[in-house]
Every structure is written in structure tokens, then in C-alpha cells.
Amino acid sequence: MHIRDHWFAVVNPHSANGSTRKRWPHYLKRLQDEGYLIDFVYTSKPGDATRITQQALNNGCTHIISVGGDGTMNEVVNGFFSNDQLISLEAELAVFSHGTGCDFIRSLQIPRGIEGFVGVLKQGRKRMVDLGEVLFYNDQGQQVQRYFLNVGDVGLGGETVARVNRQSKLLGGKLSFLIGSVLSILSYRNKVMSCEIDGKLICHGRLNSIMVANGRYIGGGMMIAPQAELDDGLFDVVVLGDFSAWTILRHIPKIYRGTHLRIPGVSVQRGRSVVITSDERILLDIDGEQPGQGPIEFRLKPGILRLWG
């Protein structure tokens, strides 16, 4: 068996509302039956996936599989780095999305489930994609740096993810996020925010949300940035204006379809650096996790990660 068939899987057994632990042995056998040699480690707490990935890469592994939701994928991506440098220039990532939202693989047009993932490995299609780097502040007031592969969302999205991650996800990704979104929309108060793209102030005022998108989807299937590409060297920055709760609720179907960019008060611009500030507390969502708050700075790292799919 060639070394290219040897993979290391970082498995979050708590993902998909805890069902991954029960199903992983079946998925593992399916991959082994296809001739893939798989080593794996279960995560047990937040941050584990980053540490495990770093250790695997430092031990010489080059083919990493993220098994879990978008939050697990985010931790694994962060594990590709140490001291702001890639641990291995040969490292490659495959995403077996088995979580609640599974938003990232929608941009790759990969079917959910083990058969879709096996198809990705058998096709052997991979490319260099962009990553986002984000600087923000944790609850202790310390500045934190993270990488992300999909979307960073400031405003309503941060509030929604914080709510969804506190509750059970037994209803599945789309319904869990939809219910969380509706409850958050009804209680959320738009924030006065400023946004600079590539050093130029593009907006200042009371806004609902600012999305900094590398991928296209958030919130269990909302196509928030329908024109975003993972390898175009630019963020798509989608700004939702000072919308009322009723206006947002009325237009949710358009957001799922990706036709919301035509709504007055919605704008999209592109750039490689984005700075978002506010005198109010603004929450950050990256890849379905809510790690901190503003002020927030995004930077694009073009063509830095080798991704299967």
C-alpha cells in the first residue's frame, strides 16, 4: 500500500448530536474496504482537534481527514499551523463533513455521507485554496488569532451561532439553525459598526451583519455569498443594512436561494483585508463557532491549503 493511501483522521465523536461515535466504526470499515489505511484519534474537548492535527503533522503524517462538523474542520485547519507557519508544505486536507450544518462541503458540491466522501478520495481531485486569518478578542480581553476556511460573520450570525450551540441539535442542521436564526432575529438589536476593506472605509452606521466569505454557505444551507470562490484570492464581503426583524424574516427564503443580493440595503464587495469595529459588543462567528468578539480584523492567505474535493 502506497503512502498516499495512508490517512490520519481527526474524529469528533460528539458531532452530529453525538451520532458520530456510533457510526464511525462503520465509516472506518467502509474506507478500509476501499483500500485506505486509516489511523484515527477521537477528540474529547474543544481545542483537541487542533492539538491532535499538529501532533500528527509533526510526526510525519501528510494526509489529514477532518471527521465532524464545520467547527471540527476549523480546529483541524488551525492545526496545520504553528507560529503562523504551515507545519508541513506537503500536508493535505480532506473534509468528511458529519455535523449539524455541513455548510462548507456545499461550496465544494460534495454529497453528504460516507459514499460522497469515498467518491472524493477515489476521484483524487485536489486544489490549493485560500484561508482566512482573523484577529479578535476573547472574553478575557486578550487578542486571539485563528484561521478559517468558510465564512466569518459579525453581528446577527455571531448571536445565532452562540444560541444554536447552546441548544440540542436533534432536529438536524437546517431546522436547528433556522429555529435559532428566527429566535435570534426577534431578539437581536442591530449594531453601529464600521467596516474597512483594503484600508478604505466602505460603511459606517447601524447594520445587521457583515459576512466575510471565503465559501458560500452559512447557517445550515443559507447561500449568503453566492459568488464566493475558495481560490480566487479575495473575500466576498456581504453587508446587511439596518433591517428590521420583520424584513429579515421575510427575506430568509431568498437568503437560502442566494437571491438576496438584489434586496435594497444589501451590498457585496471584494477585498483581501477587512477591519470591523464598533463601540458596542459585536460577536464573531467563524465556521459555525462563536469564539469571541470585536474589534475584528480579517486577512486573506491566498492559495495556502491543499484541499481534496
Original post:
Restricted to segment 63-83, and to residues that are in contact with a helix residue (DSSP H, G or I) (Cβ under 8 Å, 6 or more places away or on another chain) and polar (S, T, N, Q), which residue is farthest from residue 16 (Cα to Cα)?
Top reply: 82
Original post:
Would you pick out the residues in segment 275-309 that are hydrophobic (A, V, I, L, M, F, W, C), touching a Phe, Trp or Tyr at 6+ places or on another chain (Cβ under 7 Å) and under 14 Å from residue 209 (Cα atoms)?
Top reply: 284, 286, 296
**OP:** From (1) in a strand (DSSP E or B); (2) surrounded by 21 or more Cβ atoms within 10 Å (Cβ to Cβ), pick out the condition that doesn't hold for residue 127.
**Re:** (2)
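Within segment 224-243, is there a residue that is among the hydrophobic types (A, V, I, L, M, F, W, C), touching a helix residue (DSSP H, G or I) at 6+ places or on another chain (Cβ under 7 Å) and under 15 Å from residue 287 (Cα atoms)? It would help to see each step written out before you state the result.
Here is the first cut: in segment 224-243, the ones among the hydrophobic types (A, V, I, L, M, F, W, C) are 224-225, 228, 230, 234-235, 237-240, 243.
Keeping just the survivors that are touching a helix residue (DSSP H, G or I) at 6+ places or on another chain (Cβ under 7 Å) gives 224, 230.
Of the ones still in play, those that are also under 15 Å from residue 287 (Cα atoms) are 224, 230.
Yes, some residue in segment 224-243 is among the hydrophobic types (A, V, I, L, M, F, W, C), touching a helix residue (DSSP H, G or I) at 6+ places or on another chain (Cβ under 7 Å) and under 15 Å from residue 287 (Cα atoms).
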Original post:
What number goes with the only condition from (1) on the phi > 0 side of the Ramachandran plot; (2) crowded, with 24+ Cβ neighbours inside 10 Å; (3) modelled with pLDDT of 95 or more that residue 199 does not pass?
Top reply: (2)
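Yes or no: residue 223 within 23 Å of residue 186 (Cα to Cα), surrounded by fewer than 24 Cβ atoms within 10 Å (Cβ to Cβ) and hydrophobic (A, V, I, L, M, F, W, C)? It would help to see each step written out before you state the result.
Working: within 23 Å of residue 186 (Cα to Cα): yes; surrounded by fewer than 24 Cβ atoms within 10 Å (Cβ to Cβ): yes; hydrophobic (A, V, I, L, M, F, W, C): yes.
Yes; evaluated as a whole, the condition is true for this residue.
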Original post:
Would it be correct to say that residue 30 is surrounded by 14 or more Cβ atoms within 10 Å (Cβ to Cβ) and without any contact (Cβ under 8 Å) to a residue 24 or more places away in the chain?
Top reply: no
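With the condition being under 19 Å from the mean Cα position of the chain (by Cα), charged (D, E, K, R) and closer than 20 Å to residue 144 by Cα, I'd like the strands (runs of 3 or more DSSP E) fully within segment 230-309 carrying at least 3 qualifying residues. Steps first, answer last, please.
Values: elements: 235-240, 266-271, 273-277, 283-286, 289-308.
Hits in segment 230-309: 289-308.
The values are calculated or read from the model by the stated rules, or taken from the named source; none is laboratory data. Bear in mind that the values here come from a model prediction, so they are computed numbers and not experimental data. Please note: Cβ atoms are built from the backbone with ideal geometry, for glycine as well, and neighbour counts cover all protein chains shown.
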